[in-house]
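The values are calculated or read from the model by the stated rules, or taken from the named source; none is laboratory data. In this text the structure is predicted, and so the values were computed from the model without any measurement. Reconstructed Cβ throughout: ideal geometry from the backbone, glycine too, with neighbour counts over all protein chains shown. Please note that ligands, DNA and RNA were not included when accessible areas were found on the heavy atoms of the full protein model with its side chains. Shrake-Rupley method; radii C 1.70, N 1.55, O 1.52, S 1.80 Å.
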Amino acid sequence: MPEISRDVAYAVARLAAGGVVAIPTETVYGLAADARNVEAVGRVFAIKGRPADHPLIVHIGGAAQLSDWAKDIPAEAYTLARRFWPGPLTLVLKRLPDVPDVVTGGQDTVALRVPAHPLTLELLRRFGGGLAAPSANRFGRLSPTRPEHVVAELDGAVDFILDGGPCRVGLESTILDLTGDEPHLLRPGAVSLAALEAVLGRPVARGGKSRVRAPGGLPAHYAPATPLVLLAGDRLWQEAARQAATARIAVLTHSGAESLPRATVVTLPSRPEDYARELYATLRELDAGGFDLILVEAVPESEEWLAIADRLQRAAAGHRELGDSPQVRG
Ligand code: TXA
Ligand code: MG
């Protein structure tokens with residue numbers, strides 16, 4: 001078992017000595033290393049089993065540190081930082097030459113964010129530098145939103161977890177690329193497209209091809225091991241009844257409880273912020289429940305559900321087709 005405590009001074013000491021520490025943020029738990037320490041960052045990749053060309057976000061204590069990592073910083077970056085930092089927004093900017101390639105995946109850009117968790121803000125303030133931190137899960141799996149999830153994901157591979165309790169937001173940060181002619185949304189999150197456009201006073205591009213690679217954009221990502229299928233409300237109960245006849249199934253809904261014989265039905269909150277906070281923990285529990293299949297009710301197509309819809313589509317991407325028999329992964 002890794003050590004788990006709220007001891008910020010200890011976390012600072014471990015990080016300064018080149019250690020890897022799991023840290024709480026408002027979005028999800030991160031697996032942090034000193035972003036200037038190539039060897040320590042290498043250990044983060046090894047622990048996660050993450051391919052080397054997938055860049056990491058550098059977490060900093062405030063917007064004043066942007067210029068330690070980025071160059072040609074547009075005024076819009078500071079405008080967004082004033083409005084949304086500390087908070088769940090990551091900005092992709094042109095990197096300074098001395099940012100280690102291991103952090104940026106060798107790209108000419110760097111992703112930066114100031115997380116809004118009091119313990120981690122204090123950690124960053126005392127540490128002084130930047131912390132490269134991906135989500136503290138094995139590559140492709142669900143991000144941890146509670147300290148015990150980090151234990152379940154990484155067990156012996158991480159020796160210290162800074163305990164910040166459950167994450168308030170529950171989904172990974174919004175990522176915005178500011179290196180092109182127009183701002184480009186690379187990953188939807190709690191800071192919405194509409195909020196970004198309102199502050200910037202101009203449209204934010206989304207989808208299609210961006211100038212930069214954001215490998216978290218892989219179609220199959222953020223996935224439980226149990227096959228997961230997304231279905232619109234009307235087909236959901238019909239399909240659930242059919243599948244329940246021959247398989248152990250779980251149904252994840254948000255539009256109101258219905259019960260179904262021979263199925264486990266879980267109802268998540270109907271407000272998107274509350275749904276997001278509980279989603280990963282719920283999928284993790286269901287994943288441990290030994291089900292053959294998880295059926296998830298598709299969420300509304302409105303903007304406030306965008307980040308949730310994105311993660312659900314990725315979670316379903318590995319096993320989207322619903323055959324006649326339950327799909328049990330071998
Ligand atoms: O909320 C979050 O962002 C969490 C917490 C721990 O801060 N972190 C997180 O990290 O989700 P990770 O590594 O799981 O996802 C980071 C995403 C990846 O999709 C990565 O490709 C993208 O950020 N990214 C990092 N650097 C980039 C860059 N220079 N250009 C484009 N995308 C970048
Ligand atoms: Mg991740």
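Hey, can you tell me all the residues within region 160-174 that are crowded, with 24+ Cβ neighbours inside 10 Å, over 7 Å from Arg277 (Cβ atoms) and of a type outside the set (A, V, I, L, M, F, W, C)?
Glu172, Ser173, Thr174 - these are the residues of region 160-174 that are crowded, with 24+ Cβ neighbours inside 10 Å, over 7 Å from Arg277 (Cβ atoms) and of a type outside the set (A, V, I, L, M, F, W, C).
What is the residue count in region 113-132 for residues that are open to solvent by less than 10 Å² (accessible area, probe 1.4 Å), under 17 Å from Val44 (Cβ atoms) and either more than 9 Å from ligand 1 (Cβ to nearest atom) or in contact with a helix residue (DSSP H, G or I) (Cβ under 9 Å, 6 or more places away or on another chain) (or both)? Step through it out loud before you land on a result.
Quick first cut of region 113-132, residues open to solvent by less than 10 Å² (accessible area, probe 1.4 Å) only: 113-115, 120, 123-124, 130-132.
Subset that is under 17 Å from Val44 (Cβ atoms): 113, 115, 120, 123-124, 130-132.
Narrowing the set further to residues that are either more than 9 Å from ligand 1 (Cβ to nearest atom) or in contact with a helix residue (DSSP H, G or I) (Cβ under 9 Å, 6 or more places away or on another chain) (or both) leaves 115, 120, 123-124, 130-132.
Of the residues in region 113-132, 7 are open to solvent by less than 10 Å² (accessible area, probe 1.4 Å), under 17 Å from Val44 (Cβ atoms) and either more than 9 Å from ligand 1 (Cβ to nearest atom) or in contact with a helix residue (DSSP H, G or I) (Cβ under 9 Å, 6 or more places away or on another chain) (or both).
Look through Gly42, Gly87, Gly61, Gly106 and report the one residue that is assigned to a loop (DSSP other than H, G, I, E, B), away from ligand 1 (no atom under 11 Å from the Cβ) and either crowded, with 24+ Cβ neighbours inside 10 Å or of a type in the set (Gly, Ala, Ser) (or both). So that I can check it myself, show each step before the final result.
Working: Gly42 fails: assigned to a loop (DSSP other than H, G, I, E, B); Gly87 fails: away from ligand 1 (no atom under 11 Å from the Cβ); Gly106 fails: away from ligand 1 (no atom under 11 Å from the Cβ).
Only one candidate passes the filter, namely Gly61.
Name the strands (runs of 3 or more DSSP E) wholly within region 215-314 that hold at least 2 residues that are surrounded by fewer than 21 Cβ atoms within 10 Å (Cβ to Cβ) and either at pLDDT below 95 or among the polar types (S, T, N, Q) (or both)? So that I can check it myself, show each step before the final result.
Details: elements: 228-231, 249-253, 263-267, 293-297.
Of the strands (runs of 3 or more DSSP E) lying wholly inside region 215-314, those with at least 2 residues that are surrounded by fewer than 21 Cβ atoms within 10 Å (Cβ to Cβ) and either at pLDDT below 95 or among the polar types (S, T, N, Q) (or both) span 263-267.
Collect the residues in region 175-187 that are away from ligand 1 (no atom under 12 Å from the Cβ) and either surrounded by fewer than 22 Cβ atoms within 10 Å (Cβ to Cβ) or over 18 Å from Ile73 (Cβ atoms) (or both), keeping them in residue-number order.
Correct list: Asp181, Glu182.
Would you be able to say whether some residue in region 136-148 is away from ligand 2 (no atom under 16 Å from the Cβ), outside any loop (DSSP other than H, G, I, E, B) and farther than 20 Å from Val103 by Cβ? Even if it seems obvious, please write down each step before you answer.
First, pick out the residues of region 136-148 that are away from ligand 2 (no atom under 16 Å from the Cβ): 147-148.
After this cut, where a residue has to be outside any loop (DSSP other than H, G, I, E, B) as well, the list is 147-148.
When the remaining residues are screened for being farther than 20 Å from Val103 by Cβ, the result is 147-148.
Yes: region 136-148 contains one or more residues that are away from ligand 2 (no atom under 16 Å from the Cβ), outside any loop (DSSP other than H, G, I, E, B) and farther than 20 Å from Val103 by Cβ.
Looking at (1) within 10 Å of ligand 1 (Cβ to nearest atom); (2) of a type in the set (A, V, I, L, M, F, W, C); (3) in contact with a strand residue (DSSP E or B) (Cβ under 8 Å, 6 or more places away or on another chain), find the lone condition where Val150 falls short.
Going through (1) within 10 Å of ligand 1 (Cβ to nearest atom); (2) of a type in the set (A, V, I, L, M, F, W, C); (3) in contact with a strand residue (DSSP E or B) (Cβ under 8 Å, 6 or more places away or on another chain) one by one, Val150 breaks only (1).
Could you pull out the residue among Leu123, Leu131 that is touching a residue at least 60 places away in the same chain (Cβ under 8 Å) and within 16 Å of ligand 2 (Cβ to nearest atom)? Reasoning before the result, please.
Details: Leu123 fails: within 16 Å of ligand 2 (Cβ to nearest atom).
Matching residue, one of Leu123, Leu131: Leu131.
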